[in-house]
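Participant: Below is the structure I would like to discuss, written out as structure tokens.
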Amino acid sequence: MVMVVLQREQNYEMVKEVMLTYGIPSQVITARNGSKFNLSKASNILRQVNSKAGGDLYHLKFPEVFAKKRTMLIGIDVCHAGSQSVVGFSASINKQMSQYYSNFIVQKKGQEIVKDKMSQYLKEAIEVFAKHHEGQFPTSYLIFRDGVGDAQRNQVLE
């Protein structure tokens with residue numbers, strides 16, 4: 001884990017891109033945020049560092065029926081902003097459903113139906129899940145899909 005404090009905020013995107021390109025877990029803090037440090041900001045930064053280092057932010061108690069299954073929780077949402085729509089995809093990879101594989105898709109503005117790359121990302125999520133479960137795949141899936149009207153429900157189900 002690398003922690004960087006930047007004097008120049010305009011370098012933030014470049015530094016984050018370098019860290020992402022080389023797969024280096026990092027926490028980048030601007031000098032402005034660092035100089036106005038308080039308990040709330042410190043807590044948020046520590047949560048982010050913990051999560052990026054593979055720690056859990058929370059644990060939930062699930063019904064006993066979940067203990068017998070390997071359940072993957074999947075969330076999909078679309079944000080229509082600017083000239084394109086962005087699809088967020090996340091899938092739980094551990095038994096406690098507290099760690100996630102995530103990715104995004106940029107597509108033509110206004111589309112709710114996600115076709116491109118979704119099957120690829122789902123396969124990748126299942127493979128990561130299996131690595132956390134001694135090579136075993138999920139036995140059940142819970143999919144949450146937000147923001148779909150009744151008219152598009154059947155399309156989304158397909």
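Participant: Give me the pairs, please: first residue somewhere in region 136-153 and without any contact (Cβ under 8 Å) to a residue 60 or more places away in the chain, second residue anywhere and not acidic (D, E), beta-carbon distance under 8 Å, and either six or more positions apart or on two chains.
Facilitator: These pairs meet every condition: V148/V156; Q152/I113.
Participant: If you check S85 against the conditions, is it in contact (Cβ under 8 Å) with a residue 24 or more places away in the chain, among the polar types (S, T, N, Q), under 30 Å from H132 (Cβ atoms) and in the same structural domain as K131 (by TED's automatic domain parsing)?
Facilitator: On the way: in contact (Cβ under 8 Å) with a residue 24 or more places away in the chain: yes; among the polar types (S, T, N, Q): yes; under 30 Å from H132 (Cβ atoms): no; in the same structural domain as K131 (by TED's automatic domain parsing): yes.
For S85, the condition - in contact (Cβ under 8 Å) with a residue 24 or more places away in the chain, among the polar types (S, T, N, Q), under 30 Å from H132 (Cβ atoms) and in the same structural domain as K131 (by TED's automatic domain parsing) - is not met.
Participant: Here's a follow-up. Evaluate the following for N44: is it in a helix (DSSP H, G or I) and over 29 Å from Q107 (Cα atoms)?
Facilitator: Criteria met by N44.
A quick yes/no check of all residues on (1) in a helix (DSSP H, G or I); (2) modelled with pLDDT of 85 or more:
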position	(1), (2)
Q10	yes, yes
K16	yes, yes
Q27	no, yes
N33	yes, no
N50	yes, yes
G54	no, no
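Participant: Is it the case that R47 is out of contact with any Leu (no Cβ under 8 Å at 6 or more places or on another chain) and surrounded by 10 or more Cβ atoms within 10 Å (Cβ to Cβ)? Steps first, please.
Facilitator: Values: out of contact with any Leu (no Cβ under 8 Å at 6 or more places or on another chain): no; surrounded by 10 or more Cβ atoms within 10 Å (Cβ to Cβ): yes.
No; evaluated as a whole, the condition is false for this residue.
Participant: Name the residues in region 10-40 that are more than 21 Å from the chain's Cα centre (by Cα) and surrounded by 12 or more Cβ atoms within 10 Å (Cβ to Cβ), would you?
Facilitator: N11, T30, A31, N33, G34
Rundown of residues vs (1) out of contact with any Pro (no Cβ under 9 Å at 6 or more places or on another chain); (2) modelled with pLDDT of 95 or more, yes/no style:
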{"position": "Q84", "(1), (2)": "yes, no"}
{"position": "N94", "(1), (2)": "yes, no"}
{"position": "F129", "(1), (2)": "no, yes"}
{"position": "P138", "(1), (2)": "yes, yes"}
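Participant: Hey, could you check region 68-103 for residues that are small (G, A, S) and surrounded by fewer than 17 Cβ atoms within 10 Å (Cβ to Cβ) and say which is farthest from G55 (Cα to Cα)?
Facilitator: Ranking the qualifying residues of region 68-103, first place goes to S83.
The values are calculated or read from the model by the stated rules, or taken from the named source; none is laboratory data. Predicted, not measured: the structure shown is a model, and the values here were computed from it. FYI the Cβ positions are ideal-geometry reconstructions off the backbone, even for glycines, and counts take in every protein chain you see.
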